[in-house]
Amino acid sequence: MQDWVVLGIVTGLVAVLAFVVGRDFQRRQTRKAAANAEAALREARIDAQRILSRAEEDARALAESYRDREEAALEHRHIEVAAMEERLVQREATLEQRAANLAHREQMLIEKDRAVATAQGEAEVLREQARSNLERTAGYDSKAAKAELLRKVEDDTRREAMVLVRDLELKAREEADRRARRILATAVQRLAAEVVSETTVSVVVLPSDDMKGRIIGRDGRNIRTFEAVTGVNLIVDDTPEAVSVSTFDPVRRETARLTLERLVEDGRIHPASIEEAYEKAKAEMDQSIRDAGEWALLEVGLTRMHAELVTLLGRLKYRTSYGQNVLNHLVETAHIAGMLAAELGVDATEAKRAAFLHDIGKAVSHEVGGSHALIGAEIARRFGEDPSIVHAIEAHHNEVEPRTLTAVLVQAADAVSAARPGARREALESYVRRLEQLEEIAGSFPGVERVFAMQAGREIRVVVSPSNVDDLGAAALARTIARRLEEDLQYPGQIEVTVIREFRSTDIAR
């Protein structure tokens, strides 16, 4: 029992001792760590002071270096400013010297001007005295002499100008005629167009004369119905096995002809069948008009045209102008314009299109007012044609002044197509009246003795009096007559004016 007590006491003493020893060790360690921290802090402070002193030394050295550089730059700047001030002083002195020289030179010029003015005044006085002495000696006024000299110079200059103009006109006319003949000859020789003579009467052949009675009908009811429906005159005369359809409207005449042929072929002729046949013929006629327009478009070689324009062109198949079929005239004109454009080296497609559409205004009725050129231009503009095409259409009869080469080509092609032999018919009275007008206009000028209209009015030969008209006056007279014909007359193609001046002197040897 006592042993266990002693053992417990010893164990307690050992535990107390161990606690005391451990606490003493911990205190020693704490004091040692504090001493180490204090030593490290002292070393850090020493290092910081050392770094700070080094930075202060570096900053002080850098500031001194910067100050030295700034002082050097400032000193250099002072030197430059001093040099610039010196140059300015020198320049100011130079300018003052120049100003003084200019003032001196100005004074010298003023003195010279005064001297020159004085000398001019004295020279003018001497000149006036010399002119007065010369006029008094010659007995002739200076103003009159000047006027006479100017008049003579003016006459000589005018004569030289007329000679020069005549030579230039002759050369230009020869060259233009040569080139125009070559181009037109090439175009016309390449063209092979038919000549179609249009009339106002269509003849329908009948199988027998008995058909005439059936066409007339009881009390003439069939013929009256036919004329009322078709709007034409049906002529039943003594011509065997034939009747005639007469009207000035070719579309209506053709429709009536188709109607009558259909009735004759059917054999049943009465008012109802006449109306039925007319409706079928009208539909066939509309299709024929469209086919004609498409054929013409294909013949010329054009594409992309409005359908309404094609229909209007097809209607021209049944229109005539001076006996010439208008659609054939358009096709022919388009070919001629294309060939002329090709010869001149310009766009042939545009020229062909403008020439092909130039008479489109003739396809509308009289209900649309205005000339066919302006109407055709408005139609082409409405259906989206190019402005150059529209201008060529409206200018082909000079309602509008032509401003493009295409417009001039259309005029030339139109004149060639209309003027070639057999293209148009002209009444004898109008033909004679035109020749009389040509001779009357040419004979109205002073100095003209006789006038001859030749080659169907294509040429005029004017014989003048040699005592009243000289060579230069003859050239001027030909030009004046040509301009007068252009202003007063309208004609296809061109008219050549030739002035003949011949002087004959006759004497008799005895």
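The values are calculated or read from the model by the stated rules, or taken from the named source; none is laboratory data. Just so it is clear, the model here is predicted, and its values are computed rather than measured. Heads up, the Cβs are rebuilt from the backbone with ideal geometry, glycines too, and the neighbour counts pull from every protein chain shown.
Things to note:
- Residue check, MET285 in a helix (DSSP H, G or I), assigned by TED's automatic domain parsing to the domain that holds HIS396 and either touching a residue at least 40 places away in the same chain (Cβ under 8 Å) or over 24 Å from the mean Cα position of the chain (by Cα) (or both): no
- Set GLY376, GLY384, GLY370: member being out of contact with any Lys or Arg (no Cβ under 8 Å at 6 or more places or on another chain) and without any contact (Cβ under 8 Å) to a residue 24 or more places away in the chain: GLY370
- If you go through the range 296-305 and keep only what is on the phi > 0 side of the Ramachandran plot and in contact with a Ser or Thr (Cβ under 9 Å, 6 or more places away or on another chain), you end up with just GLY301.
- Qualifying positions in the range 267-278 - acidic (Asp, Glu) and either in a loop (DSSP other than H, G, I, E, B) or out of contact with any helix residue (DSSP H, G or I) (no Cβ under 7 Å at 6 or more places or on another chain) (or both): GLU276
- Residues (crowded, with 16+ Cβ neighbours inside 10 Å and without any contact (Cβ under 8 Å) to a residue 60 or more places away in the chain) located in the range 306-328: VAL310, THR311, LEU313, GLY314, LEU316, LYS317, VAL326, LEU327
- Taking the conditions (1) more than 17 Å from TYR318 (Cβ to Cβ); (2) at pLDDT 80 or above in turn, GLY231 satisfies each one other than (1).
- Residue ID - surrounded by the fewest Cβ atoms within 10 Å (Cβ to Cβ), chosen from residues in the range 253-295 that are β-branched (Val, Ile, Thr) and touching a Ser or Thr at 6+ places or on another chain (Cβ under 9 Å): ILE289
- Qualifying residue in the range 309-329 (condition: at negative phi and in contact with a His (Cβ under 8 Å, 6 or more places away or on another chain)): yes
- Test: THR333 is out of contact with any strand residue (DSSP E or B) (no Cβ under 8 Å at 6 or more places or on another chain), among the hydroxyl-bearing types (Ser, Thr, Tyr) and in contact (Cβ under 8 Å) with a residue 40 or more places away in the chain: yes
- Of all residues in the range 343-359 being hydrophobic (A, V, I, L, M, F, W, C), modelled with pLDDT under 85 and in a helix (DSSP H, G or I), the one that is nearest to SER321 (Cα to Cα): ALA348
- Residue list for the range 295-331, filter: in contact with a Lys or Arg (Cβ under 8 Å, 6 or more places away or on another chain) and among the β-branched types (Val, Ile, Thr): VAL300, VAL310, THR311, VAL326
- Number of the condition not met by GLU241 [criteria: (1) within 38 Å of the chain's Cα centre (by Cα); (2) exposed (fewer than 15 other Cβ atoms within 10 Å of the Cβ)]: (1)
- Qualifying residue in the range 85-97 (condition: farther than 30 Å from ILE495 by Cα and of a type in the set (Gly, Ala, Ser)): yes
- Yes/no for PRO446 being modelled with pLDDT of 85 or more, in a loop (DSSP other than H, G, I, E, B) and surrounded by fewer than 16 Cβ atoms within 10 Å (Cβ to Cβ): yes
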